[in-house]
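The values are calculated or read from the model by the stated rules, or taken from the named source; none is laboratory data. Quantities reported herein were computed from a predicted structural model and do not represent experimental measurements. Positions of Cβ are backbone-derived with ideal geometry, glycine not excepted, and every protein chain shown enters the neighbour counts.
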Amino acid sequence: MSRTLVVEHIDKYYGDHHAVDDLSFEIEQGEIFAILGPNGAGKTTTIRIILDIIKPDKGRVLLFGEPFTEATKERIGYLPEERGLYKNAPLIPLLRYLGQLKGLSAKQAEQQAYYWLERVGLAEHAKSKVSALSRGMAQKVQFVATILHRPEFIIIDEPFSGLDPVNTQLIKDILFELRQNGTTIMMSTHQMHQVETMADRMLMISRGQRMLYGNVDDVRRQYAKNAVIVEGTGDWEKLQGVAHVEIKDNREVMLHLQPDCSPSQIMAALATNPDYVVQRYELAIPGLDEIFIQVVQNGHQ
């Protein structure tokens with residue numbers, strides 16, 4: 001698979017502050033890639049270096065196999081965390097203008113504007129000014145502006161900020177559709193559950209350094225506990241190999257295993273013991289929220 005983005009050993013200093021520290025990663029064509037980290041971790045600086053807004057002090061960035069050029073801009077869509085639209089501009093002239101900046105003709109930009117406004121449920125507001133829209137509606141307009149020219153690579157920073165669950169799902173569905181059609185998506189967000197359900201691979205940085213990198217499911221499995229989650233009936237305390245039983249809710253319990261006992265041994269014991277009825281059995285794999293806190297607090301993998 002070809003690589004949309006290659007970041008090689010980039011460094012960035014702001015005075016004595018080392019904002020990005022020898023950071024390297026790659027994003028493959030057609031994947032959803034998440035970049036995570038606490039506030040001040042260097043995510044925004046990294047994105048600005050990728051977009052050639054600022055230059056790294058060391059290292060290099062390749063987009064579509066080449067250094068950034070003016071022509072590269074037309075192949076990228078960027079939704080920054082700091083939202084900003086011309087408040088007094090009607091939507092269609094605004095989107096037509098933004099589309100033309102990305103290489104579309106006026107006619108193409110207007111056609112795409114009407115199409116995407118329809119897709120996000122704003123067709124009836126096409127002649128409205130930005131100032132007349134709610135925060136969530138303006139957020140959808142900015143998303144439309146990001147994808148209007150159908151870029152090959154989209155960078156979105158906190159894409160679901162200000163959206164209710166219905167519109168969050170709408171934007172997710174469009175992103176999945178774009179990915180299905182070959183678009184590469186880089187997403188920066190603090191909403192870990194969105195990363196778990198959307199991203200193929202991820203990068204977690206802290207203090208400008210790479211902390212975790214790889215397939216989302218593989219990263220989570222790295223932090224799996226020697227424990228299993230079960231739902232069913234039985235005296236879990238008496239099950240051989242169980243060190244401690246943690247009640248999660250009325251139906252779910254976590255069985256913390258003894259060091260010399262594996263989840264497969266517990267599964268085999270449950271399968272052959274008629275005193276236990278199991279409706280659900282799975283490894284205790286932590287969510288990204290828990291991993292995020294652990295990595296940031298420990299400062300290492």
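Quick one: would you say L94 is assigned to a helix (DSSP H, G or I) and closer than 22 Å to G162 by Cα? Break it down into steps so the answer makes sense when it comes.
On the way: assigned to a helix (DSSP H, G or I): yes; closer than 22 Å to G162 by Cα: yes.
In short, yes.
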- How many residues, within segment 268-301, are part of a helix (DSSP H, G or I) and surrounded by 16 or more Cβ atoms within 10 Å (Cβ to Cβ)? 6
- Of all residues in segment 227-266, how many are assigned to a strand (DSSP E or B), more than 17 Å from P286 (Cβ to Cβ) and small (G, A, S)? 2
- Message: Between V195, V144, V216, which is of a type in the set (V, I, T) and over 11 Å from A34 (Cα atoms)?
- Response: V144
- Task: Output yes when any residue across segment 188-201 is buried (at least 19 other Cβ atoms within 10 Å of the Cβ), under 23 Å from L101 (Cα atoms) and either in the same structural domain as K87 (by TED's automatic domain parsing) or not acidic (D, E) (or both), and no when none is.
- Result: no
- Filtered residues of segment 142-199 (kept if charged (D, E, K, R), out of contact with any helix residue (DSSP H, G or I) (no Cβ under 6 Å at 6 or more places or on another chain), closer than 20 Å to G30 by Cβ and not in a helix (DSSP H, G or I)): R150
- Of the candidates L63, L36, L85, L51, the one satisfying the condition of being out of contact with any Asp or Glu (no Cβ under 8 Å at 6 or more places or on another chain), surrounded by 14 or more Cβ atoms within 10 Å (Cβ to Cβ) and modelled with pLDDT under 90 is L85
- Message: Being closer than 30 Å to M202 by Cα, touching a strand residue (DSSP E or B) at 6+ places or on another chain (Cβ under 6 Å) and not assigned by TED's automatic domain parsing to the domain that holds L36 is true for just one of I229, I247. Which residue is that?
- Response: I229
- In segment 109-135, which residues are in contact with a Gly (Cβ under 7 Å, 6 or more places away or on another chain) and surrounded by fewer than 16 Cβ atoms within 10 Å (Cβ to Cβ)? R135
- Any residue at all in segment 59-79 that is closer than 30 Å to D289 by Cα and part of a loop (DSSP other than H, G, I, E, B)? no
- In this structure, is T189 touching a Ser or Thr at 6+ places or on another chain (Cβ under 7 Å), closer than 30 Å to R119 by Cβ and touching a residue at least 12 places away in the same chain (Cβ under 8 Å)? no
- Looking at segment 66-82, which of its residues are among the β-branched types (V, I, T) and surrounded by fewer than 19 Cβ atoms within 10 Å (Cβ to Cβ)? T69, T72
